[in-house]
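Only one structure is covered here, and it is reproduced in the block below.
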Amino acid sequence: MTPYQTNTDQSFVGDTWLPLRPLPAEATLASTSTGPVLIRRAVPDDAVRLTEMHRRLSPLSRYQRYMAPYVPDQAEMEALGRLTSDSGEAFVAESVGPAKHIVGLIYYIRSKPPESDRAEFGVTVADDFQGKGLGRAMLEHMCDRALANGVRWMEANVLPQNKKMLHLLDTCGRPLGKHRSMDCVTAIIDLGEALDEASLICFLSEAAEAAERATAAALCG
Ligand SMILES: CC(C)(COP(=O)(O)OP(=O)(O)OC[C@H]1O[C@@H](n2cnc3c(N)ncnc32)[C@H](O)[C@@H]1OP(=O)(O)O)[C@@H](O)C(=O)NCCC(=O)NCCS
């Protein structure tokens, strides 16, 4: 368990549970139409709750995700919690508050070198949390993390009837390529060039300077 996963690290403020400590870079608090949900790296200890989440999925959601009546087993879920940046990353969405239900899973698996800038991903949101903005938040988070991890092309196979997922991809705000085969649509998101650390610092300091110049110009008239 990472420190921010414990109940003692959350505080009830107004009608919202908030983390008391800053979240690590690989985690984010997503706001959905039913309140905040924590998106964080999966750990092997999540495997039981992830298998449970899959068992509770409706047959339609399961079929849309796996294109078969498939329920991943605990070993498969544990392996996701052990992914290293070289092989991929897995993130779970966890309800915020004392119950801490796992309500979503997104992960990508990188191709082997020399194609390790390519990855394939899959996403699942528990039925009662679908349509609240969680899938979009998880997709955004994973794409940001994958880009920072050196992935350029992110691919998913989607059933042509899965209009919700296709809409999510079409509106993800990144260049998207799609090609259709007999029974599925392969969508490839272009995450863009990852900035190395030096370029990132340079980019951020230039942005900060530009903001200072704009503020000074506005104050001086
Ligand atoms: C597909 C899935 C991941 C989306 O997650 P979600 O949390 O339900 O999605 P969100 O609430 O973030 O966004 C859904 C979007 O689809 C839109 N949508 C819903 N039903 C739709 C439909 N029939 N046609 C087109 N768009 C639809 C919503 O309006 C929303 O778009 P908006 O933000 O522009 O309003 C989730 O529904 C799921 O797990 N489905 C089962 C498994 C699956 O299909 N996985 C994808 C295969 S990799």
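Derivation of every value follows stated rules applied to the coordinates shown; laboratory data play no part. Computed from a predicted model, the values in this text were never measured in an experiment. Here the Cβ is made from the backbone with ideal geometry for all residues, glycine too, and neighbour counts use every protein chain on show.
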Taking Cα atoms of segment 92-172, Rg/Rh with Kirkwood Rh, to two decimals? 1.00
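In which sequence would 50, 147, 219 go, from the one with the fewest C-beta neighbours within 10 Å to the one with the most?
Sorted ascending by nearby Cβ count, the order is 219, 147, 50.
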With a ≥ b ≥ c taken as the square roots of the eigenvalues of the C-alpha gyration tensor of segment 3-190, please select rounded if a/c is under 1.5 and otherwise prolate if a/b is larger than b/c or oblate if it is not? prolate
For residue 104, which sequence-distant residues (separation of 5 or more, or a different chain) have an amide H within less than 5 Å of its own amide H, given hydrogens modelled in the peptide plane? 93, 126
Pop out the ³J(HN,Hα) list for segment 122-135 in order, Karplus 6.51 cos²θ - 1.76 cosθ + 1.60 with θ = phi - 60°, rounded to Hz; leave Gly and Pro as x. x, 9, 9, 10, 4, 3, 6, 10, 6, x, 10, x, 6, x
Can you list the HN-Hα couplings for segment 26-38, worked out from phi with the Karplus curve (6.51, -1.76, 1.60; θ = phi - 60°), rounded to whole Hz and with x for Gly and Pro? 7, 10, 8, 9, 8, 9, 10, 5, 10, x, x, 10, 7
Taking amide H positions as placed in the peptide plane 1.01 Å from N, state which residues far from residue 159 in sequence (5 or more) or on other chains have amide H under 5 Å from it. 185
Highest first, please rank the peptides 173-185, 75-87, 97-109 by the mean number of other Cβ atoms sitting within 10 Å of their residues. 97-109, 75-87, 173-185
For segment 41-138: rounded, prolate or oblate by the Cα gyration tensor [a/c cutoff 1.5]: prolate
Distance (nanometres) between label positions extended 7 Å along Cα→Cβ at residue 48 and residue 109: 2.6
With θ set to phi - 60° and the Karplus curve 6.51 cos²θ - 1.76 cosθ + 1.60, what are the ³J(HN,Hα) couplings of segment 172-177 in order, to the nearest whole Hz, using x for Gly and Pro? 7, x, 10, x, 9, x
